[in-house]
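Notes for the one structure printed next.
The values are calculated or read from the model by the stated rules, or taken from the named source; none is laboratory data. This is a predicted model, so every value here is computed, not measured. We place every Cβ from the backbone using ideal geometry, glycine too, and count neighbours over all the protein chains shown.
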Amino acid sequence: MPKKRYGQHFLSDPAILERIVQFARVPPEADVVEIGPGRGTLTRLLAVTARRLIAVEVDRDLVPGLRRAMPANVEILEQDALGLDFGTLMPDRFHLVGNLPFNIATPLLERFIRARDRITAVTIMVQKEVADRIAAEPGSGDYGPLSVGIQYYAEVEPGFLVQPGSFDPPPKVHSRLLRLTWNPETPDAPRFIRFVRSAFSSRRKKLLNNLAGMQPGVDRNALTAMLENLGLNPSVRPEQLSVDQFFDLYNSIREQAPGPRTPTKPI
Ligand code: SAH
């Protein structure tokens, strides 16, 4: 019986599984980490070309069956993926793939970001709404802190939609694949991400109004001048700024505001 508390929705449609493998574009002989192998349907396909595959499964009832069924290049790790150090899991860089439970997608993404110098590409199935927010372009209604926060670190490639009926049991939501490739040169910027969140604190307000008063030492006039310097209309709304424009504005503010300086712009 699939367990609700582990977000178990198993995929068995061979056509969908094949499309996930194609979309992931894991090269032959690559090392692979899979989160949530479940009954191992995707695992088996990935194992055909992988050099080594570590599949991380939290449900101990599934582990013995997985261990029995898998070829020798597959290792089943009985573990909560949220407690895993992705930086030390494999000696070389690896591809990460997973049809994972929806509720752990965002905390896992934070972990992938932290270990991004070890991960060549991330291919995950997430709830459609979350995928659309992560992949959204400036100006769209889905564009927000999650889009900027992820796109600052990664190239985001939205994949195909999967209907609830392709899963057993069917989830309440539609799913979409996403493929992320990191730029390993991008420095960590937790303050930038916090800044972006405050910039979006009210979507209906102008950016200036969201930021005014939030940065000590930077008043409305200073903010207006900064926006103009960046070629932006002072009455711009937060969702109209590209990731680069957010980063430039953030750095202009840091230069004027007291406090530690920020990392240089990513290449
Ligand atoms: N990939 C399989 C299963 C998807 S269901 C398939 O496509 O059919 C999600 C899987 O993730 C389940 O096997 C569930 O037990 C596992 N899982 C849930 N939470 C997890 C966690 N925190 N760490 C690792 N695996 C988890």
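Working only within the stretch 1-16, note down all residues that are without any contact (Cβ under 8 Å) to a residue 40 or more places away in the chain and under 21 Å from F86 (Cα atoms).
Of everything in the stretch 1-16, nothing turns out to be without any contact (Cβ under 8 Å) to a residue 40 or more places away in the chain and under 21 Å from F86 (Cα atoms).
Do the conditions hold for L53, that is, is it within 12 Å of the ligand (Cβ to nearest atom) and touching a residue at least 12 places away in the same chain (Cβ under 8 Å)?
no
Filter the stretch 61-73 for residues that are of a type in the set (G, A, S) and either in contact with a strand residue (DSSP E or B) (Cβ under 7 Å, 6 or more places away or on another chain) or modelled with pLDDT of 95 or more (or both); which is nearest to the ligand (Cβ to nearest atom)?
G65
Restricting to the stretch 52-69, and then to whatever is surrounded by 13 or more Cβ atoms within 10 Å (Cβ to Cβ) and more than 23 Å from I104 (Cβ to Cβ), can you tell me which residue is farthest from the chain's Cα centre (by Cα)?
Among those that are surrounded by 13 or more Cβ atoms within 10 Å (Cβ to Cβ) and more than 23 Å from I104 (Cβ to Cβ), it is A69.
Any residue in the stretch 98-122 that is more than 15 Å from N183 (Cα to Cα) sitting within a Cβ distance under 7 Å of a residue that is among the hydroxyl-bearing types (S, T, Y) and within 16 Å of the ligand (Cβ to nearest atom)? List the pairs, counting only those 6 or more apart or interchain.
Close Cβ pairs (under 7 Å, with a partner that is among the hydroxyl-bearing types (S, T, Y) and within 16 Å of the ligand (Cβ to nearest atom)) amount to P101/Y6.
Among the residues of the stretch 74-94, is there at least one that is farther than 26 Å from I150 by Cβ, in contact with a helix residue (DSSP H, G or I) (Cβ under 6 Å, 6 or more places away or on another chain) and more than 13 Å from the ligand (Cβ to nearest atom)?
Taking every residue of the stretch 74-94 in turn, at least one turns out to be farther than 26 Å from I150 by Cβ, in contact with a helix residue (DSSP H, G or I) (Cβ under 6 Å, 6 or more places away or on another chain) and more than 13 Å from the ligand (Cβ to nearest atom).
So which of V130, V156 is under 21 Å from F102 (Cβ atoms), within 16 Å of the ligand (Cβ to nearest atom) and β-branched (V, I, T)?
Criteria check complete, one pass: V130.
Go over the candidates F102, F23 one by one and state the one that is under 24 Å from R118 (Cα atoms), modelled with pLDDT under 95, more than 8 Å from the ligand (Cβ to nearest atom) and not hydroxyl-bearing (S, T, Y).
F102
Residues in the stretch 207-218: is at least one touching a Gly at 6+ places or on another chain (Cβ under 8 Å), modelled with pLDDT under 95 and either buried (at least 19 other Cβ atoms within 10 Å of the Cβ) or part of a loop (DSSP other than H, G, I, E, B) (or both)?
no
Just checking, how many residues over the stretch 185-205 are surrounded by 16 or more Cβ atoms within 10 Å (Cβ to Cβ) and either more than 30 Å from T120 (Cα to Cα) or among the basic types (K, R) (or both)?
Residues in the stretch 185-205 being surrounded by 16 or more Cβ atoms within 10 Å (Cβ to Cβ) and either more than 30 Å from T120 (Cα to Cα) or among the basic types (K, R) (or both): 2 in total.
Restricting attention to the stretch 17-34, which residues are outside any loop (DSSP other than H, G, I, E, B), touching a residue at least 12 places away in the same chain (Cβ under 8 Å) and within 21 Å of the chain's Cα centre (by Cα)?
Within the stretch 17-34, L17, R19, I20, V21, F23, A24, D31, V32, V33, E34 qualify.
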